[in-house]
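Visitor: First the structure, which I've put down as structure tokens, then a few questions once you've had a look.
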Amino acid sequence: MVGTDRRPSRHLATRRGEPALAFDALHELGIPPTLVEITREGFRKTGEVLCPFVSLLMADGSPEITIVIDDEFPPEIMIGDVPSWALDVYSREGRAAYARFLGTDCAAARWIRRRVPPSRQIALLGHVVFRIEGGLVRNRLRWKPADELRRQVDFECADLESSEAIEIEGLVRADIPILNGVRAELNGGQRHGIDWPG
């Protein structure tokens, strides 16, 4: 009902949705109005399909078995006056750094250049970097339905096979110091971090 046009994927046919109707239906199902409005606003701001799923997941209440763990955060450095992760695909400075990074000889850049059309390279890199730097949380509630939804958005929404998504995520994670070096080079230096091999 929310549509698939916001996140094209070879796993799903592209279909325009009616998000407002989807959230109205969630409300009519008896899901608490506050939860529906929080997830509606989250979807409006991010377009992430996980937002309406949160309402559906919580329709039957919280999971019985709860495991809470922290995600593994990559090293964070300051570049000028901002943290490295702020220079992402949604900023002009971040996109410039991604374009420069894709021209390097590091493993992640080579992988992307070999497998992804030039018009999609920055978007894919941005998706993967967001999953590594910005899509992480402390105190993540782990339970099977939530883990499966996270797997779907991490891998299937990247329009990659699962094995490819796992591979490129590992390569990008290992090359984050190089990306941070490029970010620093383009955006006024860095503090409290590695030196960019120039």
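The values are calculated or read from the model by the stated rules, or taken from the named source; none is laboratory data. Given the structure is predicted, the values throughout are model-derived calculations rather than measurements. Because the Cβ atoms are built from the backbone with ideal geometry, glycine has one as well, and the counts that use them run over all protein chains shown.
This table checks each residue for (1) touching an Asp or Glu at 6+ places or on another chain (Cβ under 9 Å); (2) of a type in the set (A, V, I, L, M).
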position	(1), (2)
THR104	yes, no
PHE130	yes, no
PRO145	no, no
ILE178	no, yes
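Visitor: Based on what the data block shows, is ASP105 of a type in the set (D, E, K, R) and part of a loop (DSSP other than H, G, I, E, B)?
Guide: Criteria met by ASP105.
Visitor: Turning to a different aspect of this structure: Going through ILE77, ILE112 one at a time, which residue ends up being outside the structural domain of LEU29 (by TED's automatic domain parsing) and either touching a strand residue (DSSP E or B) at 6+ places or on another chain (Cβ under 9 Å) or closer than 30 Å to LEU35 by Cα (or both)?
Guide: Working: ILE112 fails: either touching a strand residue (DSSP E or B) at 6+ places or on another chain (Cβ under 9 Å) or closer than 30 Å to LEU35 by Cα (or both).
When all the criteria are applied, what remains is ILE77.
Visitor: If you check ALA97 against the conditions, is it modelled with pLDDT of 85 or more, crowded, with 16+ Cβ neighbours inside 10 Å and either outside any loop (DSSP other than H, G, I, E, B) or not small (Gly, Ala, Ser) (or both)?
Guide: yes
Visitor: Identify, please: which residue in the range 152-198 is part of a loop (DSSP other than H, G, I, E, B), over 16 Å from PHE130 (Cβ atoms) and touching a strand residue (DSSP E or B) at 6+ places or on another chain (Cβ under 6 Å) and is, among those, modelled with the highest pLDDT? Give the steps one after another, and end with the answer.
Guide: Step one: list which residues in the range 152-198 are part of a loop (DSSP other than H, G, I, E, B), which gives 159-161, 187-189, 192-198.
So of that shortlist, the ones also over 16 Å from PHE130 (Cβ atoms) come out as 161, 187-189, 192-198.
Next cut, touching a strand residue (DSSP E or B) at 6+ places or on another chain (Cβ under 6 Å) only: 187, 192.
Details: ASN187: 84, HIS192: 46.
It comes out as ASN187.
Visitor: Scan the range 30-50 for residues that are surrounded by fewer than 18 Cβ atoms within 10 Å (Cβ to Cβ) and either in contact with a His (Cβ under 7 Å, 6 or more places away or on another chain) or part of a helix (DSSP H, G or I) (or both) and report the count.
Guide: 10
Visitor: What is the one condition in (1) at pLDDT 80 or above; (2) surrounded by 13 or more Cβ atoms within 10 Å (Cβ to Cβ); (3) in a helix (DSSP H, G or I) that PHE53 does not satisfy?
Guide: For PHE53, the exception is condition (1).
Let's see how each residue does on (1) of a type outside the set (Gly, Ala, Ser); (2) under 25 Å from HIS127 (Cα atoms):
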| position | (1), (2) |
| --- | --- |
| LEU21 | yes, no |
| PRO32 | yes, no |
| VAL36 | yes, no |
| GLU41 | yes, yes |
| THR46 | yes, yes |
| PRO52 | yes, yes |
| SER55 | no, yes |
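Visitor: Follow-up. Looking for whichever is among the hydrophobic types (A, V, I, L, M, F, W, C) and at pLDDT 75 or above here; the options are ALA59, ALA13, ALA20. Which one fits?
Guide: The match here is ALA20.
Visitor: Can I ask one more? Here are some conditions: (1) free of Cβ contacts under 8 Å to residues at least 60 places away in the same chain; (2) surrounded by 16 or more Cβ atoms within 10 Å (Cβ to Cβ); (3) touching a Phe, Trp or Tyr at 6+ places or on another chain (Cβ under 9 Å). ALA109 meets all but one. Which one does it not meet?
Guide: Every listed condition holds for ALA109 apart from (1).
Visitor: Is it the case that ARG114 is modelled with pLDDT of 85 or more, farther than 16 Å from VAL129 by Cβ, surrounded by fewer than 14 Cβ atoms within 10 Å (Cβ to Cβ) and among the basic types (Lys, Arg)?
Guide: For ARG114, the condition - modelled with pLDDT of 85 or more, farther than 16 Å from VAL129 by Cβ, surrounded by fewer than 14 Cβ atoms within 10 Å (Cβ to Cβ) and among the basic types (Lys, Arg) - is met.
Visitor: Then there is this: Being of a type in the set (A, V, I, L, M, F, W, C) and in a helix (DSSP H, G or I) is the requirement here; does VAL137 meet it? Talk me through it step by step, then tell me what you get.
Guide: On the way: of a type in the set (A, V, I, L, M, F, W, C): yes; in a helix (DSSP H, G or I): no.
No; evaluated as a whole, the condition is false for this residue.
Visitor: Give me the pairs, please: first residue somewhere in the range 114-135 and touching a residue at least 40 places away in the same chain (Cβ under 8 Å) and more than 15 Å from THR104 (Cβ to Cβ), second residue anywhere and of a type in the set (Ser, Thr, Tyr) and surrounded by 20 or more Cβ atoms within 10 Å (Cβ to Cβ), beta-carbon distance under 8 Å, and either six or more positions apart or on two chains.
Guide: Short answer, once both residue conditions are applied: GLU133/SER84.
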